[in-house]
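Coordinate-derived values only; no laboratory data. Computed from a prediction, not measured in an experiment: that's the story for all the values here. Because the Cβ atoms are built from the backbone with ideal geometry, glycine has one as well, and the counts that use them run over all protein chains shown.
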Amino acid sequence: MFIEQIKNKDFNFILYLPILLGFSALMLTNYFMTQDISSEVLMQQMIEEWGSNITFVFIVIPLSLMCLGLLFWVKFIHRQSVRSLTTARKKVDWGRVFFSFGLWGSVSAILSLVAYFLAPEDFVVTFEPVPFFTFLLLAVILIPLQTSFEEYLFRGYLMQGLGVITNSRLIPFLTSSVLFGLMHIANPEVGKLGMTIMIFYIGTGFFLGIITLMDDGLELALGFHAANNLVGALLVTADWTAFQTNSILKDISEPTAGFDVLIPVLVIFPILLFVYSKKYGWTNWKEKLTGKLVESADVETIGM
């Protein structure tokens, strides 16, 4: 089982604190730095000075590098294999990663196209070959690292550590989901749409937590999260989003936090859970999401 595999005599929660406290301090610093000036205004100033692509790199590369740092810490400080941080399977199932990426990437693209054809006046075509393909190269390299860091930190590192400490699945599931949502509180979207948008962020955290626990691994969450950020950034941008990129389209409509926030959480995510559960044969939902940890587990703590 995904959490149980790190239950061993060498488990030391003290080693978790530098990563968790350091990341928390970074998020708090970022939040308070944006109190004197809105994230939207700050973003526009950066774009005017450096351009969209350099601004994108400046925003994304810290979390991308943190992904590599976290994997190094797990491997050499915890002496835990990266495989065991990723999945309970004998090896990482890349088929699951690509299936999830393709599924959500396709859905995101279709939804964006539907929105464009239903209200073309809300969009302008901003495609320029050189800036777009430069951004494409940067995004393909950096965004999967950025999204993987968030998954490894919240659904892997934090969920496994809290799970062993509390001997529970429910506590790390709830905690990691809420903290994942709160991590986005300094995003420009929150400043533009208000705290209602946190329903989407926290709801997404719960969705990703469910597919991680039910599937005994991060593969589906890694694929979904990468597709969500990458496809979205390539297709549509706006002046009030965290990623303001050289995308194909720019949304110029005035956003509102209404049903657009609730539909993914209450409609689309449940449909995706149904698709995943049928494809991968998920059963025993209550035990996997809220039960206690299994006492005996095969643990592998070394090797990549």
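Brief remarks follow.
- Proxy reagent accessibility, fewest Cβ within 10 Å first, across W73, W104: W73, W104
- Hits among lysines - C-alpha to C-alpha of K90 under 19 Å, sequence gap 8 or more where chains match: K7, K75
- Segment R79-L28, length gained on full extension (0.36 nm per residue, minus Cα span): 15.4 nm
- Look at the dipole of the stretch 218-299 built from charges on Cβ: of N284, I271, A238, the Cα furthest out on the positive end belongs to N284.
- Rounded if a/c under 1.5, otherwise prolate or oblate - the stretch 80-180, Cα gyration tensor axes: prolate
- Our summary gives the stretch 162-259 a relative contact order of 23 percent, counting only alpha carbon pairs under 8 angstrom and 6 or more residues apart.
- Put the Cα centre of the stretch 84-99 next to the Cα centre of the stretch 191-251 and the gap is 21 Å.
- Distant-in-sequence amide H partners of T87 (H built 1.01 Å from N, under 5 Å): L218
- For the chain, the relative contact order is 32 percent, taking Cα pairs closer than 8 Å that sit 6 or more residues apart in sequence and dividing their mean separation by the residue count.
- Rounded, prolate or oblate (a/c below 1.5 giving rounded, otherwise prolate when a/b exceeds b/c) for the stretch 159-223 by Cα gyration tensor: prolate
- Legend: ranking of residues D260, D251, D10 from fewest to most surrounding C-beta atoms inside 10 Å; resulting order D10, D260, D251.
- Under Karplus coefficients 6.51, -1.76 and 1.60, residue-wise ³J(HN,Hα) of the stretch 13-28 in Hz, glycine/proline x: 5, 4, 5, 7, 4, x, 5, 5, 5, x, 5, 4, 4, 4, 5, 5
- Fully extending the segment from F72 to S277, taken as 0.36 nm per residue of separation minus the present Cα-Cα distance, adds 70.5 nm.
- Aspartates and glutamates whose Cα lies under 17 Å from that of K279, excluding same-chain neighbours fewer than 8 positions away: D93, D215, D216, E219
- Normalised contact order of the stretch 201-302, rounded percent, pairs of Cα under 8 Å and 6 or more residues apart: 26
- Annotation: amide H-H contacts under 5 Å for V236 (H modelled 1.01 Å from N, sequence separation of 5 or more, or interchain): I248, L249.
- Extension gain, V125 back to T166 (0.36 nm per residue minus Cα-Cα distance, nm): 9.6 nm
- For semi-axes √(5λ) of the Cα gyration tensor in Å, calculated from these coordinates, the label among [x] 33, 22, 18; [y] 28, 21, 19; [z] 36, 23, 18: [x]
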